[in-house]
Amino acid sequence: MFAIYKKDATIPTVIISKPSADKVALGGTVSYTVYFDDETALGKVNFNANYVTLNGFTASVSVSGSGATRTVTLTNVQGAADSDNYITVKAGSVLDAAGNSSKAVTASKFTVKVVEIEEEKPVPPPIVDNKDKIAPVVKIAAPTPKAIYSKGTVKYAVTFSDNIKV
């Protein structure tokens with residue numbers, strides 16, 4: 001009797017975690033964990049930074065870990081504010097024992113937040129009002145009575161309360 005064997009056509013499963021942060025500041029870091037199913041360990045894990053595609057942003061990509069769990073770390077994230085950003089793990093990143101290749105998988109999105117640095121505006125000096133608000137007092141003394149009646153010179157004594165120039 002002949003035995004008929006059916007070839008394993010099940011493709012390896014690749015799962016990408018949510019990003020380590022939903023919002024990442026410009027220049028910041030975000031990471032994902034990438035999991036491969038158990039059968040992949042019997043095959044070949046090709047996965048490295050070349051299998052990571054960045055969508056909507058730029059960053060430095062590194063991959064660490066071994067076996068069926070890897071961490072993708074994105075540093076110096078740069079992108080437009082409030083845009084949807086995500087990674088894609090390219091097809092063929094792993095092969096199972098039967099030689100089946102993984103499909104491309106897209107991760108959850110994160111947003112780049114732009115932190116605006118407000119310029120320091122010079123503080124104007126306080127306004128100092130040096131104006132004297134008290135009006136000067138002028139006093140005029142009555143003339144001497146003899147001068148009025150003797151057809152002489154009449155003199156008045158004028159005094160000011162402030163040191164003013166006349």
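Brief remarks follow.
- Residue under evaluation V45, criteria (1) at pLDDT below 90; (2) more than 16 Å from the chain's Cα centre (by Cα); (3) within 12 Å of V112 (Cβ to Cβ), criterion not met: (3)
- In the stretch 27-37, the residues that are under 21 Å from the mean Cα position of the chain (by Cα), in a loop (DSSP other than H, G, I, E, B) and surrounded by 15 or more Cβ atoms within 10 Å (Cβ to Cβ): G28, T29
The values are calculated or read from the model by the stated rules, or taken from the named source; none is laboratory data. Note that the structure is predicted; figures quoted are calculated from it, not measured. Neighbour counts are summed over all protein chains in view; Cβ atoms, including those assigned to glycine, are modelled from backbone coordinates with ideal geometry.
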